[in-house]
Amino acid sequence: MRNRLVLTVLFTAAAGALTACDPAADSAAKTPSAAPASSTAAPAPATPTASASPDGKVAADVRATVPDFVGMGLQAAQDKAQEIGFYGLTSHDSLGRDRMQAFDRNWKVCSQNVRAGTSASTGTTLDFGSVKLDETCPDKEQAAPTAAGGKMPDVRGRSVKAARAALDGGTSITVKDASAEDRWVLMESNWKVCTQNPAAGTALKGQPVTFTAVKFGENCT
């Protein structure tokens, strides 16, 4: 009886030792069971929609009445335009000299591209033709010269800057002082062309171009 009891105890101890040394059993015991899958899917991101009026129609562009800007200082005109919602603003030289309006307070409005009193979308770009405060607005704005049809335009009396802009960027251009002073032509928008070579109407084939010029307010000699 005693021998049978001892054998039983030894068998139980051996089985326990084998279970403790089994890696598979140990791993299975330590590995947590997978969490149950959620039955609720994540919400999709909202898609923006266009705003609509009560009757279901998409709202139209915002519109405003364009004021009469002519005669106003350029800076004041721009400020007024922005007050009523027009933020697309540009300006140009009404005398066709291609000058930059660097200091808007020194310029005044001579013309506007959208007629005063017109109802226009506030997304419309307003373009103001302007001259300096001490200058007189021209009766008609001078359009920039262009080499239409590949021919040399007539640029006499136009600013050297505008004449240069009318030609291909690769054109070799020489500008000389038409007076006897042999001055450097630095600020080209302040100089006007007296003579040109080649003559107006000549086919442009990449040949060099020569201008003589004097400052605006001076007479060509």
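In a DSSP loop and with at most 14 other Cβ atoms within 10 Å, the chymotrypsin sites (Phe, Trp or Tyr not before Pro) in region 75-153 are Y87, F103. For the pair Y87 and Q75, the difference between a 0.36 nm per residue extended length and the Cα-Cα distance amounts to 3.0 nm. For K108, a cut-off of 18 angstrom between C-alpha atoms picks up these lysines, skipping any fewer than 8 places away in its own chain: K80, K132, K140. Each of P138, N106, V70 was placed along the dipole of region 70-167 (beta-carbon charges, centred on the mean Cα), and the one lying farthest toward the positive end is P138. In the complete set of protein chains, residue-level accessible area for T202 is approximately 50 Å², probe 1.4 angstrom. With the largest listed first and rounded to whole Å, the semi-axes of the equivalent ellipsoid of region 83-206 from the Cα gyration tensor are 32, 18, 12.
Restricting the trypsin sites (Lys or Arg not before Pro) of region 122-221 to loop positions (DSSP other than H, G, I, E, B) with no more than 10 neighbouring Cβ atoms within 10 Å leaves K140, K205. Estimated at the nearest 10 Å², the accessible area of V214 is 0 Å² with a 1.4 Å probe. Taking only alpha carbon atoms, region 108-153 gives an Rg to Rh ratio of 1.11, where Rh is the Kirkwood radius. Straight-distance candidates among the aspartates and glutamates for linking to K205, with alpha-carbon spacing under 14 Å and chain neighbours fewer than 8 residues away dropped: D168. When the GluC sites (Glu not before Pro) in region 134-221 are filtered for DSSP coil states and for at most 12 other beta-carbon atoms within 10 Å of their beta-carbon, the remaining sites are E181.
Shown is the FRET efficiency for R183 and T210, computed with R0 = 22 Å from the Cβ-Cβ distance and rounded to the nearest 0.05: 0.85.
Can you check what the net charge comes to around C220, using other residues whose Cβ is under 13 Å from the Cβ of C220 (Lys, Arg +1; Asp, Glu -1)? For residues surrounding C220, the net value is +3. Compared with the alpha-carbon gap, the fully stretched path from Q142 to A120 is longer by 5.3 nm at 0.36 nm per residue. Normalised by residue count, region 135-189 yields a Cα convex hull volume of 120 Å³ per residue.
The values are calculated or read from the model by the stated rules, or taken from the named source; none is laboratory data. Not measured: the values here are computed from a predicted model. Every residue, glycine as well, gets a Cβ built from its backbone with ideal geometry; the counts of neighbours run over all protein chains shown. The area values use the complete protein model at the heavy-atom level, side chains included, leaving out ligands, DNA and RNA. Shrake-Rupley method; radii C 1.70, N 1.55, O 1.52, S 1.80 Å.
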